[in-house]
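Step one of this worksheet: look at the structure below.
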Amino acid sequence: MITGEPSGGDSHQARKSQVWEAHQIFIKEVLDVEIMEDAPLIQFGRAERSGPQTVHNDALVITAILANYEVGRIFIDSGSSADILFGEAYDQMQLGDVFLEKVNTSLYGFAGEVVHPRGMVSLPLTMGKENARKTCLLKLLVVDVPSAYNVILGRPTLNTFQAVISTYHVKIKFPTPGGIGEVQGDPLQSRRCYVDVIRRGEKRGGDDTQD
């Protein structure tokens, strides 16, 4: 579910050191973030549609660099008030619990179910390409529940990046010192996640029926 080798080294200690260094580099940038008053206008044009050319209802699912890992199945959810990193994905990153902070706040799902996070972790997220690239330090809740996604990025991340999304164009855009950065969503990945969600729901329903 997570692809790519860590650029900080192959050992657990090297990966942890890389994340720690990233904290020191980016934390000042995050604390000093100011709204770019003179940022170029963010807009979306018809010609930008590189995804489905017919009417679609695909979720915005992207790939980005999280703590030096190329992570796919990142669901952009403007309806979420929290940024979530699912436990299975976190464990694959092999960072251990050294960066986890204890949290007492619980999460409440759409149906009112309560989820208690394993903890909170601060990790750098990079989006964009070349000069129009942006990195921000995010606080993600690590949650141990099955999911078709690796990460859910909600309003905290969108506000931190000053990002604008278009599900019609399957794209996210944000201002950077080098111009407007953008990440194109992956409709195929989105649909695979959707199928996975449906299968998980059917499986749970079948288990309930048997009980």
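Nothing in this text is a laboratory measurement; each read-out follows from the coordinates by a stated rule. Model, not experiment: these values are computed from the prediction. Heads up, the Cβs are rebuilt from the backbone with ideal geometry, glycines too, and the neighbour counts pull from every protein chain shown.
Cβ crowding within 10 Å, taken as a proxy for footprinting-reagent exposure, orders I74, I165 from fewest neighbours to most as I165, I74. Which pairs in the list K139/K203; K102/K129; K102/K139; K139/K173 are over 23 Å apart, alpha-carbon to alpha-carbon? Cα-Cα > 23 Å for K139/K203; K102/K129; rest within.
Note the full-extension length gain between A47 and Y108 as 0.36 nm times their separation in residues minus their Cα-Cα distance, in nm to one decimal.
Values: separation 61, 0.36 × 61 = 21.96 nm, distance 3.91 nm.
Full extension of this stretch gives 18.1 nm more.
From most to least packed by mean Cβ count within 10 Å, the peptides 96-102, 154-160 give 154-160, 96-102. Each of L107, P177, L158 was scored by the projection of its Cα onto the charge dipole of segment 107-203, and the greatest displacement toward the positive side belongs to P177; charges sit on the C-beta of Lys, Arg, Asp and Glu. Rounded, prolate or oblate, given the Cα gyration tensor of segment 75-207, with a/c below 1.5 counting as rounded? Oblate, because a/c is 1.5 or more while a/b does not exceed b/c. Sorted from greatest to least, the principal axis extents spanned by the alpha carbons of segment 86-144 come out as 42, 28, 19 Å.
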